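Quick note: the coordinates plus some simple rules give every number you see, no bench work behind them. Every value quoted in this text rests on a predicted model; they were computed, and no experiment measured them. Cβ sites come from the backbone with ideal geometry, for glycine too, and all protein chains shown count toward neighbours.
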Amino acid sequence: MTTTTPQTPTVPTAELLAGLRRVVGEAHVLSAPEALQVYECDAYTLQRRLPHVVVLPGNTDEVSAVVRACAEHGVPIIPRGAGTSLSGGVLPVDGGVMIALTRMNRVVSVDARNRRAVVEAGCVNAWISRAAAPYDLLYAPDPSSQTACTIGGNVATNSGGPHTLKYGVTTNHVLGFEFVQADGEVTWLGVTPEGGEDVEGYDLRGAAIGSEGMFGVVTRVLVRLVRRPQAWKTYLAVFESVADASQAVSDIIRAGIVPAALEMMDREIVHAVEAAYHFGFPLDAGAVLIVELDGLAPGLDSQGADVVARCERHRAREVRVARTDQERLALWKCRKQAFGAVGRLSPAFLTQDGVVPRSKLPDIMAFIIECTQTYGLRIANVFHAGDGNIHPIVLYDERDPDQVRRAVHAGEAILARCLALGGSVSGEHGIGVEKIDFMAQQFSTDDLDAMQQLRRVFDPGARCNPHKIFPGSKRCGDFQPRKRASA
Amino acid sequence: MSAVVRPASVEALREAVAAAHASKQRLAPVDLGALSRVVAFSPDDMTVTVEAGITVEALQDVLAEAGQWLPIDPPHASTTSIADVLHDDISGPRRFGHGTIREHVLGVAAVVGDGRLIRSGGRVVKNVAGYDMAKVFVGDHRSLGLIVEATFKLSPRPAHERVFTWSSSSLDAVEVELARVLTGPTEPVLADLHNSERPGEADAVTWSLVVGFAGHADDVAWQAAHLGTSWDALETMGHEQRFWTGRAFATTQRTSVLPSRLIDHVRTLRPGLACVARAGNGVIHTDEPRVTTRTPSPLEQRLKATFDPHDILPGLS
C-alpha cells in the first residue's frame, strides 16, 4: 500500500497542447524551454526539473477544462502559486502540466460585517489584509513570504508565520474553498460564502488543507478576517546567548502570557539583517527576541511590564520598545526579510524547518551549535520561538560538492533530533520532495497507508502533484545542484 | 440488541472492531470509560494528550491545577467525553472567542472501521508533516472510526471573566443592540441570544442577550464599562444550563446561518420554541430533534467506504 503506483511519465501530446491552447489562449500556454525555466523549482533549489508545459488559466472554468483535458490524457498536473515553498512542493518530478494560478489573483469580495473575504487562489497573502484594512480587519496568517506567496499555496501547505502563536495557522483561518478535483469536477469544500460556519458532513476542507496540492486545485478561497488589534506593544530584547533567550521564551509562555509573536534571531542573522537594513541591532548580541503583544489597550502596559521583567530575569542586556508604528513595522520588515539578508552571509543556504516542544528549545539550539562543529558549516537561526518552530539556515558554497553534502546532512541531523525530542520534521514548510525520507520515521506504515487512502478518495489516479510526501515516491534522476551566482 | 462494548484497552477495542469488520456485523455502541487517562500533560508546552474516554470536566480539573484549560465549554461537561466532543463537534458559548474543538486538536489516534489504529498529527503546536487526517474524525458522528487518544493545544485560564445580560421583548431592539456590541471596540468571548426568561404575561416573549469578557482585569473592566449601564451583571450562565437540561447536544437541532442573518432567522422560528443562539457565530440551537436531509457528496461517500468498507459503524448523517 505504501508505494505509489509507478507512473509512466506521460508527455503531453500535440493534441493535448492544442486543447490547452484552446482553453486558455495561446499566450497563456508556455512550452518553450526558456519560458519554462522559471518553473523548474520553488525556493528549494537543490532539485530542479522542467515541467513539459505551464498553463496559466484565468478563471475556474478554465482550470476545470485544463484539469479535465489532462485527466483524459493521463498527464500529471502540478498546481503552483508563487513558488515560494521551501521543500520542493511544486517540483514537476515527472514533468507534466503545471497549472500556475497567478493570473487568478483578485480579492473578489470583503464581507466586513461577517468578517470574511472571498479571494482567488492566486491572490497574494498580503493583498487580503490590504483589502480588509479599510474595515479595520486583517487576514492573520502572515508567512515571511507574505508579499509574494499566494493564498492557494498557503492552503496547500497550511502555512504559518510569526503571528500564528496567538492566531493559529491557515487551517484556523480558511473557512472553505472552491476546488477542482483531479477529474475536473468543481466542488466547494467547507463553509460557503453565504453559509453559516457549522457545516454538516466530513471536514474535507480541513483534510485538504496542508495536502500539498495532491488532492486537486484550489481556485477560490473564503477566508476569515480578524479585527485589527486596538493596540500593539513590540519589544526587542537583547541577550548574550541563545540559551538565555530560550529560557526567557519558556518563562513568558509559562506565565500565561500569549504574545501575538515571539521570534528569535541569533548573532549570524542579526549581522546579516543589520548589514541589509541598518535597523540598529547590537552586533555583539548573542541573540535578540522580538516579543509582540497585541489586543485591547488597557491591559497591555502591565502585561508589557511583565514581559520586560521576565526578559531581564534571564539576563537580557537591554529591552527596547518600538515607540512608533514606523519603528514596529521596520522591526518586522527586518524579521520577515531575514531570509533574504542571508544572501549576504553565503552564496547559498538551506533553510530548514522543524518543531520541538517549546520546553525543548534550549536542547535543540544547543544541538544546532554542536552541528556547526560536526559539519564544519555556519548555521544561522531565525525562528518562531514561541511555537518551538525552528528555522536553522545552513550556509554553504554550492560550488563545493562536499559542502553541499555536509549542508544536507546537517539539516537531516537537526530534523532527526527534532523527532527524538518529540517534535515534527515540518512546522510550516511541508514535506514536498525534500523530507520524504523522514515520513517513515515520524509515522507508522498504517498511518502512511491511511494517508494514501485519503489521497485516493480525492484523486483515485494519484495524478495530482505526484511523487511528494510518501516514502517510495519516484525521485528526480540525479541529485545534482547546479552552479549558480550568489543570491 | 447487542450489549455495549467496554474495551479495557485500545488493543481490545481494535479486536472488537476487527471482529465486527470480519463478520460484517454492526459494532455495538462503545463505552470508552476505561480509557480515560491523561497520557501526558506538559504545562510548559501547553499541550495535553488524553485517552478519549476522559470527561471534559475531569480534564479541565487537571489542567486548572496548572492555570490552563482546553478552551471549550460544552454542556454536560461532567458526562461528556473528549470523544463525544470530537465526533459530534460539541461546542458551547465561548466558541465565539475560542472557536470549536477543531481549532485546538493537534493530533488523534483512531481505530477505523476495518480495525486499524491510525495516528495523525503530533504533540507539538505546529506540525504540517503528512495530511491533517485528524480533521476527518471531527464531526464524523463516529462513522469513520473511533477516536481513542487526542492531543490538544491549551490556553492560559483567563484571570478574570465577567458576564452581562440585556433583555427586550422586541427583536428589532435586540438586533440593534447586538450589532452595537459586535461592531464596537469590545472583544467578547461569548455573545448569546436566548428566550428562556419567563415574562409576566402569558404570551409575551422576552429575548435576552448575554455577553461575556475574559482576560486581563484591566481589559475586562474597560469592556464592561463600554457595554453601558443598561446591561446587568450575571453570576452564572443560567440560560445555558436551563436550555440543555434534559437535552443532548448531538440530538438537538442546530442551524447555522451567516451571523448577519441571525435575527432574521430567529424571526422565522415557531413562537414559543425554546432556543439558545451563539449570536456572534450565527448558530442556533432549538428545542427540536436533530433532523438532517442532506445527501452525502460523492467524496464523502468514498471516504466512508474507504475507512468503513463493511458499514459496521454508524452511517454518515
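Summary table below
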| read-out | value |
| --- | --- |
| Amide N proximity, the stretch B:121-151 versus residue A:444 label position 7 Å along Cα-to-Cβ, cut-off under 15 Å | B:121-122, B:146-150 |
| Check: the protein assembly as shown dipole with +1 on Lys, Arg Cβ and -1 on Asp, Glu Cβ, in debye | 1300 debye |
| Alpha-carbon centroids, the stretch B:34-48 and the stretch B:71-117: separation in whole Å | 15 Å |
| Estimated inter-spin distance, residue A:227 and residue B:11, nm [label 7 Å along Cα→Cβ] | 5.3 nm |
| Modelled FRET efficiency - R0 45 Å, residue B:180 with residue A:317, Cβ distances, 0.05 increments | 0.40 |
| Between helix B:217-227 and chain B: long-axis angle, C-alpha atoms, 0 to 90°, nearest 10 | 50 degrees |
| MRE, 222 nm, helices only [DSSP H, n ≥ 4, -39500 (n - 2.57), over the protein assembly as shown, to nearest 500] | -9000 deg cm²/dmol |
| Per-selection Kirkwood Rh - the stretch A:53-137 (Cα, Å, 1 d.p.) | 14.4 Å |
| Radius, Kirkwood style, for chain A when every pair of distinct Cα atoms is counted (Å) | 23.2 Å |
| Solvent-free Debye scattering, log10 I(q)/I(0), computed from the Cα coordinates of the stretch B:58-118 at q = 0.12, 0.18, 0.21 Å⁻¹ | -0.34, -0.72, -0.92 |
| Descending semi-axes in whole angstrom, ellipsoid equivalent of the stretch A:181-260, from the Cα gyration tensor | 40, 18, 13 |
| Net charge of Cβ neighbours under 10 Å - reference residue A:106; Lys, Arg +1; Asp, Glu -1 | +1 |
| Sequence-separation-based contact order of the stretch A:267-404, relative, with Cα cut under 8 Å and 6+ spacing, percent | 25 percent |
| Residue-count net charge about residue B:212 - beta-carbon cut-off 9 Å; Lys, Arg +1, Asp, Glu -1 | 0 |
| GNM flexibility winner over chain B from B:270, B:116, B:278 (Cα, springs under 10 Å) | B:270 |
| Share, in percent, of DSSP beta bridges within the protein assembly as shown that are antiparallel, nearest 5 | 90 percent |
| Spin-label proximity, residue B:270 to the stretch B:291-306 - amide N less than 16 Å from point 7 Å beyond Cα toward beta carbon | B:291-292 |
| Distance violations [Cα-Cα > 23 Å] among A:360/A:468; A:336/A:468; A:333/A:360; A:166/A:468; A:233/A:336 | A:360/A:468; A:336/A:468; A:333/A:360; A:166/A:468 |
| Between the stretch B:261-299 and the stretch A:169-221, the alpha-carbon center distance in angstrom | 23 Å |
| Signed unit charges on C-beta, dipole axis of the protein assembly as shown, positive-most listed residue B:121, B:250, B:196 | B:121 |
| Rounded to the nearest 20 debye, dipole of the stretch A:391-451 from Cβ charges on Lys, Arg, Asp, Glu | 220 debye |
| With Cα atoms, 0 to 90° folded angle of helix A:445-458 axis to chain A main axis | 50 degrees |
| Largest to smallest principal axis extent of the C-alpha atoms in the stretch A:98-201, angstrom | 37, 33, 25 |
| Acute angle (nearest 10 degrees) that the helix A:60-73 long axis makes with the longest principal axis of chain A, alpha-carbon atoms | 60 degrees |
| Distance histogram for the stretch B:208-261 (every C-alpha pair counted, 10 angstrom bins, percent rounded to whole numbers) | 17, 35, 34, 14, 0 |
| Alpha-carbon Rg with Dmax, taken over the stretch B:124-197, Å | 19.6, 53 |
| Those trypsin sites (Lys or Arg not before Pro) in the stretch A:355-431 that DSSP places in a loop and that have at most 14 other beta carbons within 10 Å | A:378, A:399 |
| Percent of Cα-Cα distances greater than 22 Å, calculated over the stretch B:157-295 | 39 percent |
| Cβ-based net charge around residue B:149, under 14 Å, with every Lys or Arg adding one and every Asp or Glu removing one | +1 |
| Gaussian network model of chain B, Cα within-10 Å springs - most flexible of B:48, B:128, B:30 | B:128 |
| Relative contact order, percent, chain A [alpha-carbon distance under 8 Å, six or more residues apart] | 16 percent |
| Kirkwood estimate for the stretch A:346-460, i.e. one over the average of 1/r between Cα atoms, Å | 15.0 Å |
